[in-house]
Each structure stands twice: as C-alpha cells, then as structure tokens.
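Some notes on the structure that comes next.
The values are calculated or read from the model by the stated rules, or taken from the named source; none is laboratory data. Worth saying up front: this structure is predicted, and the values here are computed from it rather than measured. Every residue, glycine as well, gets a Cβ built from its backbone with ideal geometry; the counts of neighbours run over all protein chains shown.
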Amino acid sequence: MHKTMIEIGNFFFKFRNKLFPVIVIALFAIASPTHTILGSEDNATTKDIIAIIIALSGLAIRGWVIGYAYIKRGGMNKKVYAENLVTEGIFGICRNPLYVGNVLIYIGVFLLHGDPLVATLGIIVFLFIYQCIILAEEAYLADKFGVGYQHYCADVPRWALRLNLLKASTEGMSFDTRKAIMKDYSTIATTLVMLALTLLYKQATASATLKTETFIPFAVFITVIICCALAIRVWKKKSSTQKA
C-alpha cells in the first residue's frame, strides 16, 4: 500500500496543476451548493464565513512559510526534486507547512460549497492526494539525504505545526513580505478566484436567474485578481531577463 501511495503521489505531483481543477469541478457537479443549514440561511452564511476564513488561513500559512524560508515545490521536470534539505523557518516546526496551507484552502473551498457529500468527498480526496505526494517526497528525500533527513523527521512532525519550536526555527531570520507575495502570487490569485467562483455558483443556484447586479461585482473582482497576477508574472519575467 505504501509503495502504491508513493506512485500515486508521483503521478499527482506531475499532473496536479491540470488535474486539481478538474477534480474540483467534477466534485462540484455532484450536487448543487447548499443555501440553508437546518432550514436557516443565517447558519449557512456563518458557515460560509468560516469556510472563507479557513481558506484564507491556508494562504496565510503559505505566506508565513515562504516569507521566512522558501522551498521550491515545483520539483524539476515535474518530478520531486530538492537541491538541499530545508529545515529552517516554518520547516522547523512542520515538515510540510505548504501542504498544510494547501489542504486548508481546499477544505475552505469545499465547505463553502456546502453540500455534505461534496464537502466530505472533496476533503477526503485532497487529504489522500496530499498524503500520497508527501510520501513520494519523503521517499525521495530519505534516499538523497539519508541520516540527516531521518533525524529531521524524528524532530519535526509531518502535518502538525509545533509552535513551541517557532522561536528556535526562525531565530536570526526576518520575514520578507515582498518575497511571500512575489513567490506565491499564482496560488493567491487561484485561491481568491476559486472562492469567488464558488460564491458565484452558489448565487446562480439560489434562484432561477442570476441578476446582473450580482454577477458584475464578481466579474470585476475576478478580472482584477487575474490582471494583477498577470502583471506580476510579466514583471518577474522581465526582471529575470534583464538580470540574465
């Protein structure tokens, strides 16, 4: 089973950018979003607010991680890869803090949808996928870094954030807000767009017709986010070209 999960992890690591949106859409298609909880729209609104907070907290954790010590999770040639073993910053209190952030984002998105079956399946599916990806990374890191990685695993938990280790892990380091944004702008934009589209989907299924005054704010918000992300991407490419 462990070997199979590693193979699944390598597969999703390679194709996650293409498959994850498809999985979300497929799960959303199972049932329409819920608009009441126990017959109350107020309860549903409270749940939606909590869901958005959870998703944004996932983004905040990612920013927290990257602002202290960035680790490239894109791998090399779409395969798991690491030049060195990063153990400082937030990686000193959790071995996979970026994935913790990602899971929280997906939990928030599926809770925002609200249908019990969709939310349950979505959370289980993405927890399983990320566990497989983590196992694939662990197999690679254990093979490359040997005893050093074994000691790191013994000291730092896989999923939990051991905040009591934060001071020691970030001692002498400063948080770089600009780096946190510039390195993670695509995830920030994707998350905000997913949340906006989910809310729009909920609005569209709440009544027979989607009113223009409801649609326009979402369209403007999504357009602004996409334009900002594209502007950052162009600026980064231009900067790298000039440095070269």
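In the set (1) among the aromatic types (Phe, Trp, Tyr); (2) out of contact with any Leu (no Cβ under 9 Å at 6 or more places or on another chain); (3) in a helix (DSSP H, G or I), the condition left unmet by residue 218 is number (2).
Sort out which residues of region 182-238 are within 23 Å of residue 29 (Cβ to Cβ) and either free of Cβ contacts under 8 Å to residues at least 12 places away in the same chain or among the polar types (S, T, N, Q) (or both), and write them in order of number.
Hits for region 182-238 are 190, 191, 198, 203, 204, 205, 207, 208, 209, 210, 214, 219.
For residue 21, state whether it is closer than 30 Å to residue 207 by Cα, part of a loop (DSSP other than H, G, I, E, B) and not hydrophobic (A, V, I, L, M, F, W, C). No: the conditions fail for residue 21.
Of 47, 18, which residue is in contact with a Ser or Thr (Cβ under 9 Å, 6 or more places away or on another chain) and more than 30 Å from residue 173 (Cβ to Cβ)? Lay out the reasoning, then the answer.
Working: 18 fails: in contact with a Ser or Thr (Cβ under 9 Å, 6 or more places away or on another chain).
Within the list 47, 18, the selection yields 47.
A residue that is over 25 Å from residue 115 (Cα atoms) and either touching a strand residue (DSSP E or B) at 6+ places or on another chain (Cβ under 6 Å) or of a type in the set (Ser, Thr, Tyr) (or both) can be found somewhere in region 142-150. Residues of region 165-196 that are outside any loop (DSSP other than H, G, I, E, B), surrounded by 14 or more Cβ atoms within 10 Å (Cβ to Cβ) and of a type in the set (D, E, K, R): 179, 183, 184.
For region 107-164, what are the residues that are within 30 Å of residue 205 (Cβ to Cβ) and either in contact with a Pro (Cβ under 6 Å, 6 or more places away or on another chain) or not in a helix (DSSP H, G or I) (or both)?
Initially, region 107-164 is screened for residues within 30 Å of residue 205 (Cβ to Cβ), giving 107-130.
Within region 107-164, 113, 114, 115 qualify.
Considering region 37-60 alone, what residues qualify as being over 16 Å from residue 101 (Cα atoms) and loosely packed, with under 14 Cβ neighbours inside 10 Å?
In the first step, residues of region 37-60 are kept if they are over 16 Å from residue 101 (Cα atoms); the result is 37-49.
Within region 37-60, 38, 39, 40, 41, 42, 43, 45, 46, 49 meet the criteria.
List the number of the failed condition for residue 80; all other conditions in (1) modelled with pLDDT of 90 or more; (2) touching a Phe, Trp or Tyr at 6+ places or on another chain (Cβ under 8 Å) hold. Going through the list (1) modelled with pLDDT of 90 or more; (2) touching a Phe, Trp or Tyr at 6+ places or on another chain (Cβ under 8 Å), residue 80 breaks only (1). As a summary of the residue check, residue 200 satisfies the conditions (1) at pLDDT 95 or above; (2) more than 27 Å from residue 131 (Cβ to Cβ) except for the one numbered (1). The condition of being in contact with a helix residue (DSSP H, G or I) (Cβ under 6 Å, 6 or more places away or on another chain) and either loosely packed, with under 13 Cβ neighbours inside 10 Å or not small (Gly, Ala, Ser) (or both) holds for only one of 132, 153, that being 132. For region 28-66, the tally of residues that are assigned to a loop (DSSP other than H, G, I, E, B), out of contact with any helix residue (DSSP H, G or I) (no Cβ under 6 Å at 6 or more places or on another chain) and touching a residue at least 60 places away in the same chain (Cβ under 8 Å) stands at 1.
Step by step: first the residues of region 1-53, then only those that are of a type in the set (A, V, I, L, M) and at pLDDT below 90, then the one that is farthest from the chain's Cα centre (by Cα). Which residue is that?
Initial filter on region 1-53 (of a type in the set (A, V, I, L, M)): 1, 5-6, 8, 19, 22-27, 29-31, 37-38, 44, 49-53.
From what is left, the residues that are at pLDDT below 90 are 1, 38.
Numbers: 1: 26, 38: 30 Å.
Per the stated criteria, the residue is 38.
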